[in-house]
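Asker: Pasting in a structure now, in structure tokens, and then I'll have a few things to ask.
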């Protein structure tokens, strides 16, 4: 297993450009651009000694709806991992070109809260390339450690459309879960993708402007899935334990601007949640919070 170490977060702007190159006719097959067709790359990316910038944390809390607290928002370590995700996906050893991949599922396990003044290490690797009825799936595994203790873990499941026909090797974690009914409305502005992109570094064109999103087949720009997950957990902040796992599945993109409805229900300490359209009740996201024993 090869290891690549980053002293600071990779700059996402050039990586976004690199991610777009394979989609350009005649360029995607060139050496240094064409992606391998094998399995998950035998590569680990790591960034040690990550410190939280107080101003960035405040901007993240503001755009996602988190209040001030003595610990980082549960989704915040994803910010430290995103550049590593991009570096891994744009490596030609990765089996898919990044543009066109769909962020299908996301699971975060918080083993304990992380204080804003704690320094942590981040490692990222790809694993479990597997079939899907409409293509293939692959996971990006992220571990956050403090003095060799794993305090946070994330599994980002990406879907690559293509020849499928084979059932998944294991059931989808949230299979059959319906979004809880509710009357809590979120009114999302057209510039939400640009605001979250400025904080997260995820400036994928599908999130920024109607024109750039249309170039990739969307009628207008769409909200980031990780913003939706973060905003849902911000709404539940006072009901969450210190240690838990939160799984979500992204069902359908949220077109911007729009109004959606957020709902949740709790039973036995487990919280189910969901986001649906306000005018047309399409399910955009379902999720489940499970306390750790």
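The values are calculated or read from the model by the stated rules, or taken from the named source; none is laboratory data. Since we're looking at a predicted model, the values are computed, not measured. Using ideal geometry, Cβ is built from the backbone for each residue, glycine included, and neighbour counts are taken over all protein chains shown.
Asker: Is it the case that residue 136 is surrounded by fewer than 17 Cβ atoms within 10 Å (Cβ to Cβ), assigned by TED's automatic domain parsing to the domain that holds residue 98 and in contact (Cβ under 8 Å) with a residue 24 or more places away in the chain?
Answerer: No.
Asker: Which one is nearest to residue 107 (Cα to Cα), of the residues in the range 245-268 that are assigned to a loop (DSSP other than H, G, I, E, B) and touching a residue at least 24 places away in the same chain (Cβ under 8 Å)?
Answerer: Per the criteria, the residue is 251.
Asker: Let me ask something additional. Could you tell me how many of the residues in the range 10-42 are in contact with a strand residue (DSSP E or B) (Cβ under 7 Å, 6 or more places away or on another chain) and surrounded by 12 or more Cβ atoms within 10 Å (Cβ to Cβ)?
Answerer: 3
Asker: Can you find a residue that is assigned by TED's automatic domain parsing to the domain that holds residue 57, more than 30 Å from residue 278 (Cα to Cα) and modelled with pLDDT under 95 anywhere in the range 98-110?
Answerer: yes
Asker: Please specify each residue of the range 76-124 satisfying the condition of being over 30 Å from residue 214 (Cβ atoms), crowded, with 22+ Cβ neighbours inside 10 Å and touching a helix residue (DSSP H, G or I) at 6+ places or on another chain (Cβ under 7 Å).
Answerer: If the condition is that a residue be over 30 Å from residue 214 (Cβ atoms), crowded, with 22+ Cβ neighbours inside 10 Å and touching a helix residue (DSSP H, G or I) at 6+ places or on another chain (Cβ under 7 Å), then 122, 124 are the ones that fit.
Asker: Please find, among 99, 86, the residue that is under 21 Å from residue 205 (Cα atoms) and part of a helix (DSSP H, G or I).
Answerer: 86
Asker: While we're here: Every residue in the range 265-286 that is touching a helix residue (DSSP H, G or I) at 6+ places or on another chain (Cβ under 9 Å) and surrounded by fewer than 19 Cβ atoms within 10 Å (Cβ to Cβ), please.
Answerer: 266
Asker: Then there is this: Anything in the range 162-182 that is under 24 Å from residue 275 (Cα atoms) and touching a residue at least 24 places away in the same chain (Cβ under 8 Å)? List them, or say none.
Answerer: Correct list: 172, 173, 174, 177, 178, 179, 180, 181, 182.
Asker: Which of (1) within 20 Å of the chain's Cα centre (by Cα); (2) closer than 21 Å to residue 79 by Cα; (3) outside any helix (DSSP H, G or I) is the odd one out, the single condition residue 242 does not satisfy?
Answerer: All conditions pass for residue 242, except number (1).
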